[in-house]
1. Out of (1) at pLDDT below 95; (2) in a strand (DSSP E or B); (3) farther than 16 Å from I18 by Cβ, what's the single condition that is false for N116?
2. I'd like to know if segment 73-96 contains one or more residues that are aromatic (F, W, Y) and touching a residue at least 60 places away in the same chain (Cβ under 8 Å).
3. If I go through segment 232-277 residue by residue, how many of them are assigned to a strand (DSSP E or B) and assigned by TED's automatic domain parsing to the domain that holds N290?
4. Restricting to segment 278-307, name every residue that is free of Cβ contacts under 8 Å to residues at least 12 places away in the same chain and either under 34 Å from the mean Cα position of the chain (by Cα) or not assigned by TED's automatic domain parsing to the domain that holds V339 (or both).
5. Do you know which residues across segment 151-178 are of a type in the set (K, R) and under 18 Å from the mean Cα position of the chain (by Cα)?
6. Looking only at segment 117-164, which residues are crowded, with 19+ Cβ neighbours inside 10 Å, among the aromatic types (F, W, Y) and under 24 Å from K324 (Cα atoms)?
7. Answer yes or no: is there a residue in segment 217-224 that is farther than 24 Å from S169 by Cβ and surrounded by fewer than 14 Cβ atoms within 10 Å (Cβ to Cβ).
Amino acid sequence: MITFTINRNDLLHSIQAIIGVVERRSSASNQILNHVLIEASNGRIVFTSTDYEVQITAETSIKEKDEAFSITAPAKKLFEIAKSLDEENISITISDQDLAITSSSSKFKLKTLPANDFMLFDSPEEGVKFSISQSEIRDKLLKTHFAILSGDSEERPYLKGMLIETSPSKLVVYGCDGHRVNRAAAALDKKSVDEGRFVVPKKAIQELLRTLKDDGDMSVNLSDNRAVFDMGDTTLTTTLIASVVPDYSKHIPTEPPISIHLDSDRLLSALKRVSILSNESVGGIWLDVNNDVITLSSENPEQDSATETIMIEDTNKQLTVGFKAAYLIDAIQAFKSGVVSLGLTDNKKGATITTPADPGTVLLVMPMRL
C-alpha cells in the first residue's frame, strides 16, 4: 500500500490536460482506453492518456518521495472527483486493485486496472527538431485549423490533418478542406532545421490548442511517423498521416488584381446580415465589385433577398463572384479585428483574406456557383 499527498489544483490541471483523448466509450475488452496511466517516482507523478492515435502526458509534483508505482484508474471519474473537491491538499492511497482519494470529509474508492494493460507509444525517432514560442504557434494554429476536413472519408487523407512544412528559417502550417486553404508562417531562429513536410491529425491539433499556454516555448520533434510537442509539464505525441500532399501554395494568388481594404468588423457584420436570407442548403452569397462599391447580396428559393453595399477605394474593376458565406465569416473572424484585405481575381479563382498586422497569414476561400 502506498499513500501520498497531492495538491488538488495540480491534480485537476493534470487530468484536464489529458482528458481530451480519453475514449468516452470502449468495449469490455478494451476498457483501458477510458483509463489514465498513473506513474510516480522521486516526488513526481505522471498522468498519461491515449486513444492509440494521440498520447498526452502531464506531470506534477507530490508531497512525498515515496516508492515508485504504476497503476491505471478511470479517467473521467478521477476528473469529476478532483473537480468536486475544494480542499487544497488531498490524500491518495494505492493498493492492489484500488485507488482511494481522501479529503477531510470525503472518501472515494476507484477500481484500477494493471499498468501493463496500458499501451504506450514507442520512443520516437529523432527527426526535425526545433523550438517555438507557445503563444506564436497557438496564434498560427487558431488562424488555420478550422479549414481541416472533418469526417471519416478515406479520400485525400491529407485533408484530415494540418500540413506542417519546415525549413532552416521558417515554419509554415496549412489547413485545407478542398474548398479553402489557410496558410500561416512563423520564423524559426534555429538555422539548422531541415526541410520537411508532415501531416498532423486534426484531433492532435485540437488537443494541442487546448494545451498550449500564453507563455514559454515548445520543443517539437517531427519524424517519419510521429510528432512530439513538448510544453514542459505536458507532452503530446501523435501518429502522423502518411500521404502524398499537393503543393497548396500553388492555389494561393500572390498579387490578386483586385485588392480591397475593409474594416473587418464592418465586413463581418454585413456578411452575417446578408447570409440570413441565403439558400439554407448552400449558404451562398454574391460579392459584386463595381469600381468604388462592393455589394453583398443573397436570395433563397422562397424569393427572399438581402442586399448591403459598402463604399471602397476605387478599384477601376468590375467583378461578380459567389462564395459560401460561412467560409468568409470564418476567415475574417480568425483575424479578430482591424483592417483586412480582400483579394479577388475572377469568378474561378479564390479570394484571399489577409491583414497588414500578420503578413505571413493568407486565408483562401474558393468561389462557388450559385
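The values are calculated or read from the model by the stated rules, or taken from the named source; none is laboratory data. Everything numeric in this text was worked out from a predicted model, so none of it was measured. Backbone-built Cβ (ideal geometry, glycine too); neighbour counts: all protein chains shown.
1. Every listed condition holds for N116 apart from (2).
2. There is at least one residue in segment 73-96 that is aromatic (F, W, Y) and touching a residue at least 60 places away in the same chain (Cβ under 8 Å).
3. 6
4. To start, the set of residues in segment 278-307 that are free of Cβ contacts under 8 Å to residues at least 12 places away in the same chain comprises 281, 302-303.
S281, the sole residue that qualifies.
5. Step one: of segment 151-178, the residues of a type in the set (K, R) are 156, 160, 170.
If the condition is that a residue be of a type in the set (K, R) and under 18 Å from the mean Cα position of the chain (by Cα), then K160 is the only one that fits.
6. Y158
7. Residues of segment 217-224 farther than 24 Å from S169 by Cβ: none.
Scanning segment 217-224 turns up no residue that is farther than 24 Å from S169 by Cβ and surrounded by fewer than 14 Cβ atoms within 10 Å (Cβ to Cβ).
Rundown of residues vs (1) surrounded by 15 or more Cβ atoms within 10 Å (Cβ to Cβ); (2) touching a strand residue (DSSP E or B) at 6+ places or on another chain (Cβ under 9 Å); (3) not polar (S, T, N, Q), yes/no style:
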position: T238; (1), (2), (3): yes, yes, no
position: S278; (1), (2), (3): yes, yes, no
position: I285; (1), (2), (3): yes, yes, yes
position: N290; (1), (2), (3): no, yes, no
position: P301; (1), (2), (3): no, no, yes
position: A306; (1), (2), (3): yes, yes, yes
position: E313; (1), (2), (3): no, yes, yes
position: K317; (1), (2), (3): no, yes, yes
position: F323; (1), (2), (3): yes, yes, yes
